[in-house]
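Since the structure comes first, as structure tokens, the remarks are kept for the end.
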Amino acid sequence: MKCLVTGGAGFIGSNLVDRLVKLGYQVIVLDNLSTGRLSNLLQVKNKIEFVNVDVANSENSIGQYFNDVDWVFHLAGLADIVPSIKNPYNYFQTNVKGTLNILEASKKIKIKKLIYSASASCYGIPEKYPTDEKSKIDPQYPYALTKFLGEQLVIHWAKVYHMPNISLRFFNAYGPRSRTTGAYGAVFGVFLAQKLANKPLTIVGDGNQTRSFIYVSDVVNIMIKCAKSKITNEIFNVGGKETVKINNIVKLIKSKKIYI
């Protein structure tokens with residue numbers, strides 16, 4: 001089995017690469033290292049093929065790496081809310097055009113399965129909890145919109161070109177290699193960065209707001225299970241069963257805190 005992982009040097013991507021290598025699969029990683037790190041792949045560097053390439057450049061520039069690939073896991077993309085508001089063009093190029101390039105390259109080789117990493121941010125502020133896949137779509141910012149547009153491409157290509165695609169809407173993943181850089185990342189990464197810098201944890205509001213969290217190994221399990229399945233042209237939420245208050249996370253990290 002030959003697998004191609006875009007964004008494979010990132011948080012979730014590198015954990016997925018580790019598992020695929022452990023399972024004995026041949027792995028190719030495409031990543032431009034804009035947010036990913038080669039250090040995330042040190043433990044498998046001699047067991048994979050790594051290509052420093054931007055998936056948004058053109059379908060022609062990445063198509064050469066798709067030869068004989070069975071599974072494509074498309075995780076490459078730009079995240080974070082505020083940067084997407086400041087520079088929506090970059091987000092559109094990476095999250096929408098990049099996804100189109102991956103779909104076209106995958107279509108040409110007739111892959112066995114494509115797994116797309118979508119985002120639960122497409123729901124905006126949900127009207128009901130727990131939030132299911134039929135909930136109202138209401139992106140609140142360019143990041144959420146571009147990830148949803150990428151998902152629409154994935155599902156449309158599945159219908160029109162009969163591609164075996166699945167879209168997974170990730171909620172808040174955490175675990176080893178979680179990104180701790182940038183001021184606008186997921187709450188776990190921001191808190192860990194503040195902890196490492198011996199700074200107090202900044203809590204917006206009263207801290208009683210809740211989030212659904214899922215450990216990265218569970219995300220990896222789900223992605224591989226979907227790849228192995230006969231299911232196609234479907235969308236699934238990927239998150240924890242229970243919600244957790246931000247204040248409870250602060251207690252676990254055991255650090256000083258300030259409310260803003």
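The values are calculated or read from the model by the stated rules, or taken from the named source; none is laboratory data. Small disclaimer: the values here were computed from a predicted structure and weren't measured. Note that we place each Cβ from the backbone using ideal geometry, even for glycine, and neighbour counts take in every protein chain shown. Just so you know, the surface numbers come from the protein's heavy atoms only, side chains and all, with ligands and any DNA or RNA stripped out. Shrake-Rupley method; radii C 1.70, N 1.55, O 1.52, S 1.80 Å.
List of remarks:
- When Asn90, Asn52, Asn57, Asn40 are checked against the criterion of being open to solvent by 40 Å² or more (accessible area, probe 1.4 Å) and within 24 Å of Phe171 (Cα to Cα), a single residue qualifies: Asn90.
- Residue list for segment 247-260, restricted to those being open to solvent by 80 Å² or more (accessible area, probe 1.4 Å) and assigned to a helix (DSSP H, G or I): Lys251, Leu252
- For segment 117-132, the count of residues that are in contact with a His (Cβ under 8 Å, 6 or more places away or on another chain) and at pLDDT 95 or above is at least one.
- In the set (1) over 23 Å from Ala9 (Cα atoms); (2) modelled with pLDDT under 95, the condition left unmet by Ile155 is number (2).
- Scanning segment 30-58 for residues that are assigned to a loop (DSSP other than H, G, I, E, B), under 18 Å from Phe11 (Cα atoms) and free of Cβ contacts under 8 Å to residues at least 12 places away in the same chain yields one hit, Lys45.
Yes or no, residue by residue, for (1) part of a strand (DSSP E or B); (2) within 16 Å of Phe171 (Cα to Cα); (3) touching a helix residue (DSSP H, G or I) at 6+ places or on another chain (Cβ under 9 Å):
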| position | (1), (2), (3) |
| --- | --- |
| Asn101 | no, no, yes |
| Glu104 | no, no, yes |
| Ser117 | yes, yes, yes |
| Tyr129 | no, yes, no |
| Lys134 | no, yes, no |
| Gln140 | no, yes, yes |
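Residues checked against (1) farther than 24 Å from Asn221 by Cβ; (2) buried (at least 16 other Cβ atoms within 10 Å of the Cβ); (3) more than 15 Å from the chain's Cα centre (by Cα):
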| position | (1), (2), (3) |
| --- | --- |
| Leu78 | yes, yes, no |
| Ser84 | yes, yes, yes |
| Glu104 | yes, yes, yes |
| Lys108 | yes, no, yes |
| Leu114 | no, yes, no |
| Lys136 | yes, no, yes |
| Pro142 | yes, yes, yes |
| Val160 | yes, no, yes |
| Met163 | no, yes, yes |
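- For segment 228-246, a residue qualifies if it is over 22 Å from Leu75 (Cβ atoms) and surrounded by 17 or more Cβ atoms within 10 Å (Cβ to Cβ), and exactly one does: Ile246.
- Filter pass, Lys225 being open to solvent by 70 Å² or more (accessible area, probe 1.4 Å), under 26 Å from Thr131 (Cα atoms), modelled with pLDDT of 95 or more and assigned to a loop (DSSP other than H, G, I, E, B): no
- Set side by side, the residues Thr181, Thr210 differ, and just one is among the β-branched types (Val, Ile, Thr), open to solvent by 60 Å² or more (accessible area, probe 1.4 Å), more than 18 Å from the chain's Cα centre (by Cα) and modelled with pLDDT under 80, which is Thr210.
- Residue in segment 210-219 that is touching a helix residue (DSSP H, G or I) at 6+ places or on another chain (Cβ under 7 Å), over 22 Å from Leu78 (Cβ atoms) and not hydroxyl-bearing (Ser, Thr, Tyr) present: no
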